Amino acid sequence: MTRKIKIGDIFIGGGERIAVQSMTNTKTTDVDGTLEQLRRLKAAGCDIARCSVPDKASADALKEIVKGCDMPVVADIHFDYRLAVAAAQAGAAKIRINPGNIGDKKNVEYLAAFLKERGVPIRIGVNGGSLEKRFEGLPLDDAMVESALSHAKLLEDCGFYDTVISVKSSNVRACVSAYRKLSKRCDYPLHVGVTEAGIYEKGLVKSAIGIGALLLDGIGDTIRVSLTDDPVKEVHAANEILKAIDLYSGAYAEVVACPTCARTCIDVKGIATAMQEYASSLDFKLKIAVMGCVVNGLGEGKDSDIGVAGGKDKSVIFKGGNIVRTVANEDILTALKEEIESLRKNF
Ligand code: SF4
């Protein structure tokens, strides 16, 4: 079990639910634009958001951003511990910085004491693409683990243990291996993600494999899907990964649909898409199946709460594998919604 750490009003680690993170891609100095993006991220299901703080103007802007944002904001800092101090003063709920990169030991001591006093944790974010020279020659996974632990040791020497660690790489295999090794070497909560994953589909696949494999191993306390796209899509993808392996904490309705084939009798894609939209307004756990034929559809949709299996002119609506209605194909959507409304009363 990892140690529990408080980030603003959210706990991560120690068996808490997996928190979803993302990162703004607006200029942090653009307070209104950043707040608008943060609002969209929150609405999509983001728990914690990170903003880059590359300069003093960004640290100053962060104050307004933290004030206007109703989720914990993490400041992303590179090299300059004074910016980390300024970001914490601005109200950042966590600082992402690598203590080994901020120069003199005194800087680390000062920053650790400053953040400890304010209860602000640090995320050590090791990136496989920017490792210290002294780890050259080691396999990538080992190099990332040793780098992360050496940064953590600098904080431990200052009595600072409010640390979260990530060891990200665009190489999924090395990334997963590094997290697995790291989880055996420390009890810090792990922020899991595959970095520079790429544009949409490519990034989704890499993230789903990397994050999914680790979560299935019980590794990971908070996740970020990195996409070269609107960060709201990162949050949607992260939530889908959690749902796919039953780690999503909220109640939600999901639609499963058959892939269609020559036996398909109804517009599976159209009905599934319409039901997906309808399901997004449901706030109770429900599995809805849209199956193209009765030949295989009834059996394959058995583990759903409700579903339709298509027939030539008429289709069957089933609940828990039992047929409850036969309806004309043009009435499928209406019938499904009526049956779901009757199920809603039981929740
Ligand atoms: S449920 Fe029926 S229509 Fe859908 S893929 Fe299976 S056999 Fe084909």
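The values are calculated or read from the model by the stated rules, or taken from the named source; none is laboratory data. Note that the coordinates shown come from a computational prediction; the quantities given were computed from them, not determined experimentally. Note that each Cβ is placed from the backbone with ideal geometry, even for glycine, and that neighbours are counted across all protein chains shown.
Quick test for you: out of Lys116, Lys94, pick the one residue that is in contact with a strand residue (DSSP E or B) (Cβ under 8 Å, 6 or more places away or on another chain), crowded, with 16+ Cβ neighbours inside 10 Å and either of a type in the set (A, V, I, L, M, F, W, C) or in contact (Cβ under 8 Å) with a residue 24 or more places away in the chain (or both). Talk me through it step by step, then tell me what you get.
On the way: Lys116 fails: in contact with a strand residue (DSSP E or B) (Cβ under 8 Å, 6 or more places away or on another chain).
When all the criteria are applied, what remains is Lys94.
If we scan segment 130-137, do we find a residue that is at pLDDT 95 or above and under 25 Å from the mean Cα position of the chain (by Cα)? The answer is no, given that none of the residues of segment 130-137 is at pLDDT 95 or above and under 25 Å from the mean Cα position of the chain (by Cα). Is it fair to say Ala59 is more than 24 Å from Pro189 (Cβ to Cβ), of a type outside the set (S, T, N, Q) and touching a residue at least 12 places away in the same chain (Cβ under 8 Å)? In short, yes. Considering each residue of segment 190-210 in turn, at least one proves to be among the basic types (Lys, Arg), surrounded by fewer than 24 Cβ atoms within 10 Å (Cβ to Cβ) and under 19 Å from Ile245 (Cβ atoms). Summed over segment 122-141, the residues that are surrounded by fewer than 15 Cβ atoms within 10 Å (Cβ to Cβ) and in a helix (DSSP H, G or I) give a count of 2. In segment 278-301, the qualifying residues are those that are farther than 30 Å from Leu214 by Cα and exposed (fewer than 14 other Cβ atoms within 10 Å of the Cβ), and the one that is farthest from the ligand (Cβ to nearest atom) is Ser281.
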